[in-house]
Amino acid sequence: QVQLVESGGGAVQPGGSLRLSCELTGVMFSVSAMGWFRQAPGKQRELVAAFTTGGRTKYADSVKGRFTISRNDAKNTVWLQMNSLRPEDTAVYYCNLGLRMPDDSDYAPSDSWGQGTQVTVSS
């Protein structure tokens, strides 16, 4: 059974940093695409950062230069380093196993999600 387990969320002041982790288990095939999404109350879930099928990184415009996605060589752990956090970054952050896409630059979420981890940025 595919499982994604997240950790690292918490409460920080504006300008602070957090590092989220996601561990993937139960996958028998080669994994390439994984990403982070977030959902704030009353808003749609949105892509924050991802590794595409081709191993390219993608970032939402709102987090470029502040967030960095990384992963291990086995591609079963993905991290999201979040710096210079802002109140608008407050959301539940979800790890996602991406679908295989013919375009290496694309990312499409599968229905395999982590449980979510709360990030709260407030003074």
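Using the structure shown, decide if D61 is part of a loop (DSSP other than H, G, I, E, B), exposed (fewer than 14 other Cβ atoms within 10 Å of the Cβ), in contact (Cβ under 8 Å) with a residue 24 or more places away in the chain and among the acidic types (D, E). Judged against the criteria, D61 is not a match.
If the condition is being open to solvent by 60 Å² or more (accessible area, probe 1.4 Å) and either out of contact with any strand residue (DSSP E or B) (no Cβ under 9 Å at 6 or more places or on another chain) or not in a loop (DSSP other than H, G, I, E, B) (or both), then segment 85-99 contributes P87, E88. Every listed requirement among (1) of a type outside the set (A, V, I, L, M, F, W, C); (2) open to solvent by 70 Å² or more (accessible area, probe 1.4 Å); (3) over 20 Å from D89 (Cβ atoms) is met by E46 save one, (3). Cβ separations smaller than 9 Å between residues 6+ apart or across chains give the following pairs from segment 94-123 residues that are under 15 Å from A11 (Cβ atoms) to residues that are basic (K, R) and open to solvent by 60 Å² or more (accessible area, probe 1.4 Å): V121/R86.
Q81 meets each of the listed conditions (1) under 26 Å from Q13 (Cα atoms); (2) touching a residue at least 40 places away in the same chain (Cβ under 8 Å); (3) within 11 Å of the chain's Cα centre (by Cα); (4) open to solvent by less than 50 Å² (accessible area, probe 1.4 Å) apart from (4). For A40, indicate whether it is in contact with a Gly (Cβ under 9 Å, 6 or more places away or on another chain) and surrounded by 12 or more Cβ atoms within 10 Å (Cβ to Cβ). When the stated conditions are applied, A40 does not pass them. Kindly establish whether S70 is surrounded by fewer than 18 Cβ atoms within 10 Å (Cβ to Cβ) and either touching a helix residue (DSSP H, G or I) at 6+ places or on another chain (Cβ under 8 Å) or in contact (Cβ under 8 Å) with a residue 12 or more places away in the chain (or both). For S70, the condition - surrounded by fewer than 18 Cβ atoms within 10 Å (Cβ to Cβ) and either touching a helix residue (DSSP H, G or I) at 6+ places or on another chain (Cβ under 8 Å) or in contact (Cβ under 8 Å) with a residue 12 or more places away in the chain (or both) - is not met. Candidates are the residues of segment 2-43 that are at pLDDT 95 or above and among the aromatic types (F, W, Y); the one that is farthest from C95 (Cα to Cα) is F37. Scanning segment 113-123 for residues that are open to solvent by 60 Å² or more (accessible area, probe 1.4 Å) and in a loop (DSSP other than H, G, I, E, B) yields Q115, S122, S123.
Under the condition of being open to solvent by less than 80 Å² (accessible area, probe 1.4 Å) and in a strand (DSSP E or B), the residues counted in segment 100-112 number 3. Of the residues making up segment 9-32, those that are in contact (Cβ under 8 Å) with a residue 60 or more places away in the chain, outside any strand (DSSP E or B) and open to solvent by 30 Å² or more (accessible area, probe 1.4 Å) are G9, Q13, P14, G15, S17, V27.
The values are calculated or read from the model by the stated rules, or taken from the named source; none is laboratory data. Please read these numbers as outputs of a predicted model, since none were measured by experiment. All Cβ positions, even for glycine, are placed from backbone atoms using ideal geometry, and neighbour counts span all protein chains on display. Heavy atoms of the whole protein, side chains included, go into the accessibility calculation; ligands, DNA and RNA do not. Shrake-Rupley method; radii C 1.70, N 1.55, O 1.52, S 1.80 Å.
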